[in-house]
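Remarks on the structure that follows.
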Amino acid sequence: MFVGTFFVILLVQYNIKMMKTGKIILLLSMFAAVLPASAQKKKVVAKKTPKVEAPAENPRFTEMLSATQKVTFIDSVVVSRNQLLDAFYTNREEGSLSTYKDFFHAPGQASDIVYVNELGNKCVFSMNNGNGGMRLYSCDLLANEWSTPEPLKGLEEDGLTDMGFPYMMPDGQTLFFAARGGRGLGGYDIYYTRFDAESGRFLKPENIGLPFNSEADDFLYVISEQDSIGFFASSRRQPEGMVCVYTFVPSATRSVYDIDAIGGTAIRRFANIAQISDTWGNNRQRTAALQRLERLRQSSDIARQKRNESKGSFTFIVDDKTVCRSFNDFRDPDNASRMRELLSMQKIYDNVSAKLLKDRNDYPNASVLDRNRLYSEILELEEQQHRLALQIQFLEKEIRNNELSN
């Protein structure tokens with residue numbers, strides 16, 4: 001600033017003498033050259049971008065990371081949570097799964113799952129424990145009637161709550177289920193335990209770990225031993241009301257990744273199931289597993305069809321006290337025709353859903369040409385499925401309203 005003032009004075013004094021010589025332009029140039037940069041141009045100060053801190057990793061996840069199990073995921077499909085069982089396939093010889101509503105012909109949440117053993121004489125399901133939470137119970141079939149539900153002992157340790165989604169292995173001892181609380185990662189976590197015949201209780205449940213569990217809801221872990229195929233559901237990275245059902249190759253022994261060999265980034269991808277193709281390796285194991293999955297799917301579809309035919313007519317729940325199982329049960333005479341329409345629509349819906357599920361399963365392995373065809377077909381089927389769901393919902397509501405008004 002001092003230098004600038006000095007040259008201004010010099011210019012004024014010298015300008016009088018040099019006016020006649022015409023050299024003022026040169027002096028102005030000299031003056032501009034020596035002025036501080038701040039006097040010529042206002043300095044632009046760049047705004048600092050606020051630092052965005054990455055979300056802290058769940059300490060429990062970090063603790064479990066080194067024990068991430070090596071698993072080959074052969075397929076995955078996203079379905080509505082209300083249609084969860086459509087993406088699971090089991091052998092009748094190893095037991096079956098049903099919703100609480102369909103099995104007991106009583107109101108129940110869509111997420112309530114009932115496991116029935118291969119003999120059909122024992123079932124395991126979740127039920128309110130009277131304290132605001134859900135607990136696992138079992139019943140035995142005695143003289144064609146289910147016994148009074150008895151709670152499974154030993155599962156309430158470690159603060160586990162809201163237990164559900166049971167599946168018992170064919171040995172009748174190993175139980176998989178989902179629960180909240182305890183030392184889980186968040187939401188529902190999958191646990192396993194074994195029955196101790198001496199104490200008459202189940203052993204302390206163990207968290208099945210990564211990659212099966214996450215901070216989202218992870219549940220319904222099912223193994224088909226005959227076909228060496230496993231399934232489980234997860235809401236991770238899914239919109240509200242949707243779940244991803246993963247199909248994998250179960251292993252008799254637990255093998256884990258070497259975190260020192262593959263690095264932290266890679267093991268986190270495996271732990272989070274970032275992409276199922278990461279687990280395919282040379283693809284030979286997956287190819288063989290897909291063939292077994294297709295055989296299991298076909299046999300399971302046939303079994304489902306036979307079970308539906310054996311049910312006789314239908315089961316329509318009007319309210320907590322009224323259930324209609326034949327057309328003659330309706331008090332409103334017009335509801336019989338509405339029910340026939342509803343049954344027909346539900347059958348179409350089931351066929352569309354089955355076709356949609358098959359197209360989604362075929363899409364990952366299809367050629368570019370077939371993918372284009374499947375893409376258009378999937379969009380059309382999704383639209384048809386949504387339209388049918390709305391029509392079914394409308395008909396169900398209409399039947400209930402007319403039945404309750406009579």
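The values are calculated or read from the model by the stated rules, or taken from the named source; none is laboratory data. Remember, predicted model here, so these are calculated numbers, not experimental data. Every residue, glycine as well, gets a Cβ built from its backbone with ideal geometry; the counts of neighbours run over all protein chains shown. Heads up: the accessible areas ignore ligands, DNA and RNA and are worked out on the full protein's heavy atoms, side chains in. Shrake-Rupley method; radii C 1.70, N 1.55, O 1.52, S 1.80 Å.
Identify all residues within region 144-168 that are open to solvent by less than 20 Å² (accessible area, probe 1.4 Å) and not in a strand (DSSP E or B); write none if there are none.
Once the filter is applied, which keeps residues that are open to solvent by less than 20 Å² (accessible area, probe 1.4 Å) and not in a strand (DSSP E or B), region 144-168 yields LEU152, GLY154, LEU155.
Looking at ARG194, ARG183, can you tell me which residue is basic (Lys, Arg) and either at pLDDT 95 or above or closer than 24 Å to THR90 by Cα (or both)?
Matching residue, one of ARG194, ARG183: ARG194.
Take the residues of region 200-234 that are under 9 Å from the mean Cα position of the chain (by Cα) and not in a strand (DSSP E or B): which is nearest to SER66 (Cα to Cα)?
Checked region 200-234; the qualifying residue nearest to SER66 (Cα to Cα) is ALA216.
Please return the ranges of strands (runs of 3 or more DSSP E) entirely within region 58-143 where 1 or more residues are open to solvent by less than 10 Å² (accessible area, probe 1.4 Å).
Correct list: 72-80, 113-116, 122-128, 134-142.
Please go through region 235-289 and pick out each residue that is assigned to a helix (DSSP H, G or I), within 14 Å of LEU210 (Cβ to Cβ), touching a residue at least 40 places away in the same chain (Cβ under 8 Å) and hydrophobic (A, V, I, L, M, F, W, C).
ILE259, ILE267, PHE270, ALA271
Could you check, for region 191-198, whether at least one of its residues is open to solvent by 10 Å² or more (accessible area, probe 1.4 Å), assigned to a strand (DSSP E or B), aliphatic (A, V, I, L, M) and out of contact with any Leu (no Cβ under 8 Å at 6 or more places or on another chain)?
No, region 191-198 contains no residue that is open to solvent by 10 Å² or more (accessible area, probe 1.4 Å), assigned to a strand (DSSP E or B), aliphatic (A, V, I, L, M) and out of contact with any Leu (no Cβ under 8 Å at 6 or more places or on another chain).
Condition first: among the acidic types (Asp, Glu) and under 23 Å from SER337 (Cα atoms). Can you find one or more residues in region 387-397 that meet it?
Yes.
Residue check, ASP362 against (1) modelled with pLDDT of 90 or more; (2) surrounded by fewer than 16 Cβ atoms within 10 Å (Cβ to Cβ); (3) of a type outside the set (S, T, N, Q); (4) under 22 Å from ASP86 (Cα atoms), all met but one. Which one?
(1)
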